[in-house]
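K.L.:
I have a structure I would like to understand better, so I am pasting it below and will then ask my questions one at a time.
The values are calculated or read from the model by the stated rules, or taken from the named source; none is laboratory data. Computed from a predicted model, the values in this text were never measured in an experiment. Cβ placement follows ideal geometry from the backbone for every residue including glycine, while neighbour counts extend to all protein chains displayed. Ligands, DNA and RNA are excluded from the accessible area calculation, which covers all protein heavy atoms including side chains. Shrake-Rupley method; radii C 1.70, N 1.55, O 1.52, S 1.80 Å.
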Amino acid sequence: MSTPQPQSSSPQPSGPVSKDRAYRSPAGISGGVLVLALVLWLGIDALVAGDGSTRWKALAALVFLVPLVAAYTVRPAVFANDDRMRVRNPFRVIVLPWSRVDSFRSAYTNEVFTEGGAKYQLWSVPVSLRGRKKAARQEDRRAVGGAGGAGGAGGRRRGSVLGGMGQFGSRGDGVGSGAVEADGPVRAEADKVMDELRELWEARQAAEGSRGEVTVRWAYEVIVPVVVGAVALGVLLGVG
């Protein structure tokens with residue numbers, strides 16, 4: 001992965017800054033909180049009930065694991081406004097003005113590419129193959145329902161009833177009502193986020209406020225305790 005050029009000293013445009021839209025992974029945050037709770041429970045128990053080197057090992061393990069788990073689960077986020085996108089990954093923060101973004105790609109991971117060819121993964125927008133399959137099944141059912149509804153008055157009545165049920169959430173399969181159908185094909189949540197980012201980029205890439213340079217900042221507040229905890233734990237385990 002190539003490193004972008006340092007930020008230029010060109011003056012920043014004056015004017016109001018639009019509010020950021022935040023994109024996070026609820027599943028990742030929930031899982032991270034549970035893992036952190038387990039790590040803290042075991043670590044604090046070892047600190048209280050342990051003796052001798054056990055307490056030091058537990059302390060080193062906490063210093064190593066807590067920031068590491070938080071970095072991969074709670075920390076990742078993508079913030080986007082009218083001028084730029086800020087990607088907060090486990091160990092870096094990347095600021096991408098829209099004028100410097102070249103494209104987005106969604107395969108097994110969601111990624112953004114710059115004009116210089118650098119690639120950055122969007123950790124907070126994970127791809128769910130299960131979600132894509134579910135969306136595809138819902139789209140197939142919706143297409144079949146639409147075809148059946150066009151076959152006659154009875155089909156139209158059935159489609160109306162099913163649409164009304166979907167609108168009020170009585171159905172469990174997630175199929176929306178006619179208003180939802182008008183929005184386009186059914187998409188997985190991660191794909192919807194990527195669609196929003198693409199639309200914002202296409203609308204704002206030529207704007208005056210979207211100019212600037214790509215900047216990358218390493219998250220030393222995460223890296224330093226992880227390294228210190230790993231070294232300390234390794235030494236303690238080696239000494240015995």
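K.L.:
Cβ-Cβ under 9 Å, sequence separation 6+ or interchain: first residue in region 20-48 and open to solvent by less than 50 Å² (accessible area, probe 1.4 Å), partner among the aromatic types (Phe, Trp, Tyr). Which pairs?
P.N.:
23/79; 25/123; 28/72; 28/123; 32/72
K.L.:
I want to confirm something. Restricting to region 204-233 and keeping residues that are part of a helix (DSSP H, G or I) and farther than 25 Å from residue 74 by Cβ, which single residue is most open to solvent (accessible area, probe 1.4 Å)?
P.N.:
Ranking the candidates gives 208 first.
K.L.:
Next up: Taking into account only those residues within region 81-122 that are of a type in the set (Asp, Glu) and in contact (Cβ under 8 Å) with a residue 40 or more places away in the chain, which is most open to solvent (accessible area, probe 1.4 Å)?
P.N.:
Looking at the filtered set, the residue picked out is 82.
K.L.:
Okay, moving on. Restricting to region 223-240, what's the tally of residues that are in contact (Cβ under 8 Å) with a residue 24 or more places away in the chain, of a type in the set (A, V, I, L, M) and over 11 Å from residue 53 (Cα atoms)?
P.N.:
5
K.L.:
Continuing with this model, one more query. Can you say whether residue 117 is on the phi > 0 side of the Ramachandran plot, at pLDDT below 95 and not aromatic (Phe, Trp, Tyr), as far as the supplied structure shows?
P.N.:
Yes; evaluated as a whole, the condition is true for this residue.
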